[in-house]
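Just below is one structure, and these are the notes that go with it.
The values are calculated or read from the model by the stated rules, or taken from the named source; none is laboratory data. Bear in mind that the values here come from a model prediction, so they are computed numbers and not experimental data. For neighbour counting, all protein chains shown are included, and Cβ atoms are generated from backbone atoms with ideal geometry for every residue, glycine included. The area values use the complete protein model at the heavy-atom level, side chains included, leaving out ligands, DNA and RNA. Shrake-Rupley method; radii C 1.70, N 1.55, O 1.52, S 1.80 Å.
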Amino acid sequence: MTTTNTTWDPERYLRFERQRGQAYRDLLARLAPPVGAAVGAAGGAAGGAAGGWSPGTIVDLGCGPGNTTALLPTLWPDARVIGVDSSAQMIEAAESRAVPGKLEFRRADLREVTADDLGGQVDLVITNATLQWIPGHLDLFPRFADLLTPQGVIALGVPGNFDSPTHTLLADLQHEPRWSARLSGLEVRPAVPKPADYLRTLTEAGLRAEVWETTYLHVIEGQDGIFDFVSSTALRPVLAELGGLDSPAAREFCDEYRQALRAAYPATQLGGKTAQLLPFRRIFALGYAADHPEQL
């Protein structure tokens, strides 16, 4: 999900599905039994972090190509799941995962989604690796809280790595004179507040909040694997402004950025393969409504 009018490339994004999906799976692990856990007599998932709590309705805001959204029915087989994304390309890719009556996908701006749009309030609002594209997204939290049933919960995750070389080198390069004149700066750049800001904002929205951080150490294969990793996310707005990945200006910019990343993340040998190691910090938060078992 993004607030810009540029396009997303689902195929390029899914090239690192395992690394990108790990944070989503870890976030869900705080709320659900493990995938494949015992199923209760009524067909719903048994157990779980919240004393048997099981959501009947779920919305995934910023669902992307639906690869992680498709995990939700495996965790809660009786739930109705709706994936929402503003990108036509992402929703088109997600549609192949739809299951009538169980899992559906809709194109919409998450800033404008209401409970009426979803057929009523939902038990779980999840949004992962999406809010960083929306400036001032903390202002949306009261709206998200309004989507919840009295036993509902908001679960969110955002990247917290914007002071890492992947981003600082990219920013430095954009500000060099030969590039700054070509880049308007109008495209949205990803950014997130501090963890304490999420805690405070969720609390002010009437929810009991839990916030934590995790730093992953991703093994990205190849001498330029990290460049490939960021080319579908942080680099995407820059490429759009330079005329797309195949434009001469974009190719020149990418060559310079690629060299900078090689110096910052030297390739190493792991298990007989060339790889780069990418520390990746993420911020997670849960916001429990008043009657949720974890709130009482």
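With a sphere of radius 15 Å drawn around the Cβ of Val122, what net charge do the other residues whose Cβ falls strictly inside it have (Lys, Arg +1; Asp, Glu -1)? Here the charged neighbours net out to -4. Under the rule of -39500 (n - 2.57) per DSSP H run of 4 or more residues, summed and divided by the residues of the chain, what mean residue ellipticity at 222 nm is obtained, to the nearest 500 deg cm²/dmol? Mean residue ellipticity at 222 nm (helix-derived): -8000 deg cm²/dmol. Between Arg107 and Arg200, the contour length at 0.36 nm per residue exceeds the Cα-Cα span by 30.5 nm. This structure gives semi-axes √(5λ) of the Cα gyration tensor in Å, computed directly, and of (1) 34, 21, 19; (2) 55, 19, 15; (3) 29, 26, 20 that value is listed as (1).
What percentage of the solvent-accessible surface of segment 48-189, computed with a 1.4 Å probe over protein heavy atoms, is contributed by carbon and sulfur atoms? Carbon with sulfur: 51 percent of the solvent-accessible area.
For segment 167-287, the solvent-accessible area with a 1.4 angstrom probe is 47 square angstrom per residue. Taking every DSSP beta bridge that has both ends in the chain, the antiparallel portion is near 60%.
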